[in-house]
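Working notes for the structure below.
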Amino acid sequence: MSVSTIARATGRGCLAAVLLVLLIAALGVVYFTLRPPFQLPETGYLETNTSREVRLRPESPIAVLELGVRHDARIFSESPSSRFGPTRLTITSGAAGGVEIPVGLRLYPADGQPVTDLSPAEDGRSTSWLIDCETVESRDCARTYLVVVNADHLDAEVVIKLEMSAKLRFPAHVPTPFLVSIGLDAHDVRADEPDIGLLATDVEGSLSVSPQAPVAYQPLEVSTANAPLVTGEGMPVAGMTLRLTGTRDGEAIPVGLLAPPPVRVAIVSGDDGSVLVDVGPRPGTPAFVALPPLEGEPQLVVWWQDRAAQSYRVDWHLEQAVIGHGAAPVVRVGATTGSASIARQSTSGESPMLVGANRPDLEFGVGVDIGEADRERLPPAAGVLRLQIELDADATTDPLILLLSTSDYSGDETVPVTLRAGEPVELALDAVAHCDRLRCPPWQGRVRIPGWAAGPADETALVRWRAEFELWRLDPSAEPPSFYEMDR
């Protein structure tokens, strides 16, 4: 072989080697660009969409679907359901062919679990709600609903198309497992019998609560004297929708972003006092709840749990409905009543407080023993803690921040109060919202000066205080709670 031939072969070999190296390098750049070695996986996301058509006729202007929602159990294989946000469900109705007709869309739970995050559209043609899988007992977070579509005064048959979707976002850095989904299964409940219709009754009322009267009751009486339609499992096609609108009296007092809703509303059974639903509406934002149909003599209960001395009015509107024959349900509303005070205790004192100390400095000295509480019932009592706090007139001229909290100093229970020398501050707090199963630890206070780390760490301030604890019975059948003293 000649030298020139060897040189050409060597040159081609070097060129091939260079091209191979460049190809490997290019593939490496592409791979590490798409899959950075130190980047955490992106958050997963699931969405399921399905549609169904229902027919409404002049002689039968109503249709009912049973909707089952089921999460693939592998969704929660890499992260527990408690880390997931809620799944958002949406149903939108529209006439096929683009013909717009007035259509009502209602959602009721078919499994007995209330729907507390219902968001119906004002025109009644769509609704959305949330499923919190942390609170659902089944491993696949299964829920079942009744979807009712109705129209009035039809002249001809119309086809209504229902678009249904389920959306779930995964926690940060939790990828979506391969081939998982959220199942949406909708099937018809026979509703084309003659004279079948939507039989609904509306009632409404108003309840007011304040630190001076923190509990209010509204008794109801419900009876159904008709023949409701039933599903294939023998369950009546019926339900209840409750709308709650809270209104604050006067200007708002800032209480912090982590403060709980200032009022709570519950419906309790008239038979055993068990809680059928418990929600916390906030002022300015109507809350909608869907429930199974009510029976007997339930009670609507509202109680105050604010972190400031503010009063509230809760306006409520209830629709009880069945799909069937005959007369609409009968719902009677009784007179509003309040609760009587069952216990009161006062303490007072003064304490030199070390500004900037990272420990509790002031304890008001009284807790509440709530006894053996039943989680399926209302708390035994609602309580109000009234405080009058005053910074000594000879103290620092800088404003002090008094952080009020329970004894465990959890961030969700911290209430900031600004103190200025010689200016008393009065406030009211919910005294029992932070209770555990048996006892309510006492509230404490600790003092801070804004920017105190740059100032003297050993400065003291004399704080005088007076505390009054008062309890009102909330669950009429429970044993009355009692106070207990704490070392101060």
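The values are calculated or read from the model by the stated rules, or taken from the named source; none is laboratory data. The shown structure was predicted, so the numbers you read here are calculated from the model rather than taken from an experiment. All Cβ positions, even for glycine, are placed from backbone atoms using ideal geometry, and neighbour counts span all protein chains on display.
Summary table below
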{"read-out": "Considering residues of segment 241-267 that are outside any loop (DSSP other than H, G, I, E, B) and charged (D, E, K, R) only, the residue nearest to His317 (Cα to Cα)", "value": "Arg243"}
{"read-out": "Enumeration of residues in segment 366-393 that are in a loop (DSSP other than H, G, I, E, B), at pLDDT 80 or above and among the aliphatic types (A, V, I, L, M)", "value": "Leu378"}
{"read-out": "Members of segment 84-113 found to be charged (D, E, K, R) and either in the same structural domain as Met240 (by TED's automatic domain parsing) or more than 29 Å from Leu276 (Cβ to Cβ) (or both), listed by number", "value": "Glu100"}
{"read-out": "Residue check for Ala172: surrounded by 15 or more Cβ atoms within 10 Å (Cβ to Cβ) and out of contact with any helix residue (DSSP H, G or I) (no Cβ under 7 Å at 6 or more places or on another chain)", "value": "no"}
{"read-out": "Among (1) in contact with a helix residue (DSSP H, G or I) (Cβ under 8 Å, 6 or more places away or on another chain); (2) part of a strand (DSSP E or B); (3) exposed (fewer than 14 other Cβ atoms within 10 Å of the Cβ), the one test that Glu204 misses", "value": "(1)"}
{"read-out": "Arg264 being buried (at least 17 other Cβ atoms within 10 Å of the Cβ), within 29 Å of Leu427 (Cβ to Cβ) and of a type in the set (Lys, Arg)", "value": "yes"}
{"read-out": "Segment 175-192, subset surrounded by 15 or more Cβ atoms within 10 Å (Cβ to Cβ) and of a type in the set (A, V, I, L, M), residue nearest to Glu134 (Cα to Cα)", "value": "Ile182"}
{"read-out": "Given (1) closer than 30 Å to Arg143 by Cα; (2) over 17 Å from the mean Cα position of the chain (by Cα), index of the condition Val333 fails", "value": "(1)"}
{"read-out": "Whichever residue in segment 238-261 is surrounded by 17 or more Cβ atoms within 10 Å (Cβ to Cβ) and out of contact with any strand residue (DSSP E or B) (no Cβ under 6 Å at 6 or more places or on another chain) and, among such residues, is farthest from Leu107 (Cα to Cα)", "value": "Val255"}
